[in-house]
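Structure first, commentary second.
Readers should treat all values here as calculations from the given coordinates under stated rules, not as data from a laboratory. Just so we're clear, the structure is a prediction, and the values are computed from it rather than from any experiment. FYI the Cβ positions are ideal-geometry reconstructions off the backbone, even for glycines, and counts take in every protein chain you see.
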Protein chains: 2
Amino acid sequence: MTEPVTAAVLVIGNEILSGRTQDANIAYVAAGLEKLGIRLREARVVPDIEGEIVQAVNALRERYHYVFTSGGIGPTHDDITAASIAVAFGVKLIRHPDAVSALSAHYDPGKLTPARLRMADVPEGAILIDNPVSRAPGFQIGNVFVMAGVPAILRAMFDGLASRLSGGERMLQHTISCGLAEGAIAAELEAIQHRFEAVEIGSYPYFRDGRFGTSLVLRSTEPTLLADAADAVRQMVVSFGGTPDEQPSG
Amino acid sequence: MTEPVTAAVLVIGNEILSGRTQDANIAYVAAGLEKLGIRLREARVVPDIEGEIVQAVNALRERYHYVFTSGGIGPTHDDITAASIAVAFGVKLIRHPDAVSALSAHYDPGKLTPARLRMADVPEGAILIDNPVSRAPGFQIGNVFVMAGVPAILRAMFDGLASRLSGGERMLQHTISCGLAEGAIAAELEAIQHRFEAVEIGSYPYFRDGRFGTSLVLRSTEPTLLADAADAVRQMVVSFGGTPDEQPSG
């Protein structure tokens, strides 16, 4: 078995921490990384404070193969991500000529204000990430990918950079939901987990319309093992009088 | 000015990192803390791995006044939060008699399985957090509040423990949205930020129906200062031909 390829997401933005905005970017990047066989191992949200961004970026880029950031790359005074990443890497912030070209082509004459030109500033050595929505690019430096916070732009950027990433073995997933309570099946489920140690088995209670149920999520890179474990879970659910509702999504 | 009361949220759960589930708990706790005058300074999501939980809890509880965790306190083998928090605090996991009573009263005779009884296990010295939805309690140890991951339960737990928290000065907020682009007003906005250094001014572009606009969010604990800064932003928006759409939410 090869070592898994790992990643972290760093969301930069006071608006998430104040509760003003519900983050949607962690879930999007998480789902995208799943498809590439990259394991998202951690996510953090930090405020628009240089020291906080520097500390988080340096902790995460050391620990994981890839780091994806969202937020703080616009034209206003509170957009300090590019400058903070430059500090984290100990390099200068430079005005990237290709970014200037992209912005110049996008804005009408006279509209490329000094504030907008700041969006062409990236840490020295960075490679641009295309922004098909509003042109101001993201960038990659080392293993850190810096993207916009606006979900529509983040999605376009992430989809465009997927080809730069080296994935690993894809985690296959098989979900079996049932109307049984977690506590009723917990001992038997644990026994199945012990039998199939290479399969990650998660149990997620849900509460809808006043009723509890449980989704059992099996994950593994090995299709045969996953199928065998799913068989065992299915039989267990049936033995408790449950009706398995299955979603294989390998 | 008094020192602000600070907090962090720690979401524990593979299902968020795999993209299977969109977290809703960070935003809920964030909004609730705002009302209490507590500043949420960081959020993290970590997997169901003891070492990761221990490391994150210890980093966060040292750094912030309060830590709120969500997830991993159910009856199944993958629910390892209570045991991990005990490790983080260097104390034993004990079966709490009041938790046993609550569970005993809730389940029909014979239904309180050994797995369900595990939900009465908390770190020694912990104080219970009531769970009005499904009875299995959360707990508080030191400055760490451990809650369920199911949003309906987390919300009930959080609402119930609010009276245990000592808040600080409430951050007042005033939002001015306009159809102007961030880049057009950035220089003037920065000048206003320099004039009002004790007001946190955030600029958040939005993209809806193919059009960009900007929400300018002003935050301060000082009502007069906030009103003065809002006046300046409003005048600036009007001077650029924009129509300010205001949401004072002090």
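The table that follows gives values for the structure above.
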item	result
Average beta-carbon neighbours from other chains, 10 Å sphere, peptide A:146-153	2
Copies compared at B:P97 - label distances in nm, ascending, label defined 7 Å from Cα in the Cβ direction	7.9
Distant alpha-carbon pairs in the stretch B:172-248 (separation over 21 angstrom), percent	18 percent
Chain B residue with Cβ closest to the axis mapping B onto A, distance in whole Å	B:R44, 3
Karplus (6.51, -1.76, 1.60) ³J(HN,Hα), θ = phi - 60°, over the stretch A:87-96, in Hz, Gly and Pro reported as x	4, 4, 8, x, 10, 7, 8, 10, 8, 7
Percent of beta bridges antiparallel (DSSP, the protein assembly as shown, rounded to nearest 5)	65 percent
Ranked by how many other beta carbons lie within 10 Å on average, peptides B:106-115, A:142-151, A:50-59 from highest	A:142-151, A:50-59, B:106-115
Kirkwood Rh in Å, taken over the protein assembly as shown so that all alpha-carbon pairs contribute	24.2 Å
Cα-derived Rg over Rh, computed across the stretch A:95-205 with Rh taken as Kirkwood radius	1.28
Calculated FRET value between B:R63 and A:E124, using beta carbons and R₀ = 35 Å, to 0.05	0.65
FRET efficiency, A:D228 to A:A187 (Cβ-Cβ, R0 25 Å, nearest 0.05)	0.80
Principal axes of chain B: Cα extent on each, largest first, Å	72, 42, 32
Cut-off under 5 Å, modelled amide H: who pairs with B:D121 long-range	B:H96
Other-chain or far-sequence residues with amide H under 5 Å of A:Q140's (modelled H)	A:I127, A:L128, A:I129, A:V146
Cα→Cβ-extended label distance, 7 Å offset, between A:S163 and B:A198, nm	5.4 nm
Normalised contact order of chain A, rounded percent, pairs of Cα under 8 Å and 6 or more residues apart	17 percent
Interchain or long-range residues, amide H under 5 Å from A:Y66's placed H	A:T6, A:A7, A:A8
Fraction of beta bridges assigned by DSSP in chain A that are antiparallel (%, nearest 5)	65 percent
Within chain B, helix-based [θ] at 222 nm, where runs of 4 or more DSSP H residues each add -39,500 (n - 2.57), nearest 500	-11500 deg cm²/dmol
Cβ-vector label at 7 Å, A:E197, separations to other copies in nm	5.9
Taking the stretch B:114-184 and dividing mean pair separation by its residue count, relative contact order in percent (alpha carbons under 8 Å, at least six apart)	21 percent
Value in Å of the Kirkwood radius, where the stretch A:184-229 supplies the Cα pairs that are averaged	11.5 Å
Relative contact order for the stretch A:168-227, counting Cα pairs under 8 Å that sit 6 or more residues apart, in percent	47 percent
Rounded to whole Hz, the Karplus (6.51, -1.76, 1.60) HN-Hα couplings of the stretch A:197-202, x for glycine and proline	5, 8, 10, 8, 10, x
The stretch A:60-70 - phi-based ³J(HN,Hα) in whole Hz, Karplus 6.51/-1.76/1.60, Gly and Pro as x	7, 6, 6, 8, 10, 5, 10, 10, 10, 10, 9
Distances in nm from A:R63 to the matching label points in the other copies, shortest first (labels 7 Å along Cα to Cβ)	1.0
Chymotrypsin sites (Phe, Trp or Tyr not before Pro) restricted to the stretch A:148-228 and DSSP loop, no more than 16 other C-beta within 10 Å	none
